[in-house]
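First up is the structure itself, then whatever we jot down about it.
Read-outs: derived from the displayed coordinates by stated rules, not from any lab. Given the structure is predicted, the values throughout are model-derived calculations rather than measurements. Positions of Cβ are generated from backbone atoms using ideal geometry, with glycine treated the same way; all protein chains shown enter the neighbour counts.
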Amino acid sequence: MTKRITLADFLAAETQGQSNAAALSALTLSIADACVDIAALVRHGELAGVLGAAGQENVQGEEQKKLDIIANDVFIDKTQASGQLAGIASEEMDNHHPIPEGVARGNYLITVDPLDGSSNIDVNGATGTIFSVLPYAKESPPDDADFLQAGNQQVLAGYCLYSSATMLVLTFGHGVAGFTLDLDQGEFVLSHPAMQVPAQSREFSINAAYAAHWHAPIKRYIDECVQGDAGPRGENFNMRWAGSMVGDVHRILCRGGVFLYPSDARMEKAGKTGKLRLMYEASPMGWLMEQASGKAHTGAQNILEVIPTSLHQRVPVMMGSASEIDRLMEYHST
């Protein structure tokens, strides 16, 4: 029988010999605890009274669901109790959340999208939590500017997928590991060690509703894919779109392909440079993708090299199998 490796077992081996091993392990376990609680709320749905709109908007002007707010509160409560955080920034809050007086403060900052894909909640679709951990060495409490670090400064990133099974997928910069929640035992168990994005794949993920607004490089790439074996690629492609970045990226980690949320003429007319948030979505997912031998790009530069200018900065996103991202980068350069 294959040895059962829990998340705690994995962390003990992964952080062995590091000076920050205990702190990083404690923080990771607090993230996992938060995800277990959010998974239970998602799983119970209407029975827990968490479905429907909250009647208010977040800082980006998007309608919040009840569970967006509840998941945000759960994540903050669980992770700040670890004693390892200096501050928390969330997609659901205008500014960062300072660690309260009387709560132990540590040397990490965390950014989080507490419930990615919340438009899927009411139809029981895939949702998830995305998180990123950054270093913080100052003695004084942080301000918003301290969170503005490029993705290549991350020390831990990952997501939790709430679907037919609950999965926690993370990286410390030494590859990507996936854990499945054992509901009977209430713990995450290693189920997908050393995840790798297949180098070749004939699958793409994009919201085709905006095709009329795409710029030439994206239009060229998608047009070539949909022409199938009669087109210049000479092969048939499939399109998949979950309406949740976590759901789409998880599929690509498992099966390969590309996830695209580019900028387009419609966004730019509204003064936006992209849809997805750099710090809460693009950077953590980009690091996971690169750690699994994929690539992540904006069309202009590597996502992990983008230095944030604000907590809620948006960027275009292209990530997935290396060969397909290379092709997209070539199209953007011509």
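Given +1 at the Cβ of Lys and Arg, -1 at the Cβ of Asp and Glu and no other charges, the dipole of the range 7-192 around its Cα centre is 400 debye to the nearest 20. If you wrap the range 203-333 in the convex hull of its Cα atoms and look at it from every side, the mean projected area works out to 7.6 nm².
Candidate membrane-span-like segments in the chain, meaning DSSP H helices with Cα atoms spread over at least 30 Å of their own axis and a Kyte-Doolittle mean of -0.5 or above, are 21-44, with no membrane implied. The Rg/Rh ratio of the range 67-187, with both radii computed over alpha carbons and Rh defined as the Kirkwood radius, is 0.98. The range 158-212 and the range 1-39 have Cα centres spaced 17 Å apart. Neighbour counts of C-beta atoms inside 10 Å place HIS192, HIS44, HIS297 in the sequence HIS44, HIS192, HIS297, starting with the fewest. Close amide H contacts of GLN313 (hydrogens built in the peptide plane, cut-off under 5 Å, sequence separation of 5 or more or a different chain): LEU278, MET279. Taking amide H atoms as placed 1.01 Å from N in the peptide plane, the amide H of HIS215 lies under 5 Å from those of ALA265, each 5 or more residues away in sequence or on another chain. Grouping the Cα pair distances of the chain into 10 Å bins from zero gives a pair-distance distribution of 6, 26, 35, 24, 8, 1, 0 percent in increasing distance order.
Once every DSSP H run of n ≥ 4 in the chain is given -39500 (n - 2.57) and the sum is divided by its residues, what mean residue ellipticity at 222 nm do you get, rounded to the nearest 500 deg cm²/dmol? One gets -9000 deg cm²/dmol as the mean residue ellipticity at 222 nm. By the Cβ distance rule (another cysteine Cβ under 4.7 Å), the unpaired cysteines of the chain are CYS225, CYS254.
Applying 1/(1 + (r/R0)^6) with R0 = 35 Å to the Cβ-Cβ distance of LEU148 and SER19 gives a FRET efficiency near 0.85. Spatial offset of the range 89-147 relative to the range 260-334 amounts to 20 Å, using the alpha carbon center of each. Look at the dipole of the range 7-192 built from charges on Cβ: of PHE172, GLY125, GLY45, the Cα furthest out on the positive end belongs to PHE172. Given R0 = 56 Å, the distance between the Cβ atoms of ALA81 and ASN236 translates into a calculated FRET efficiency of 0.65.
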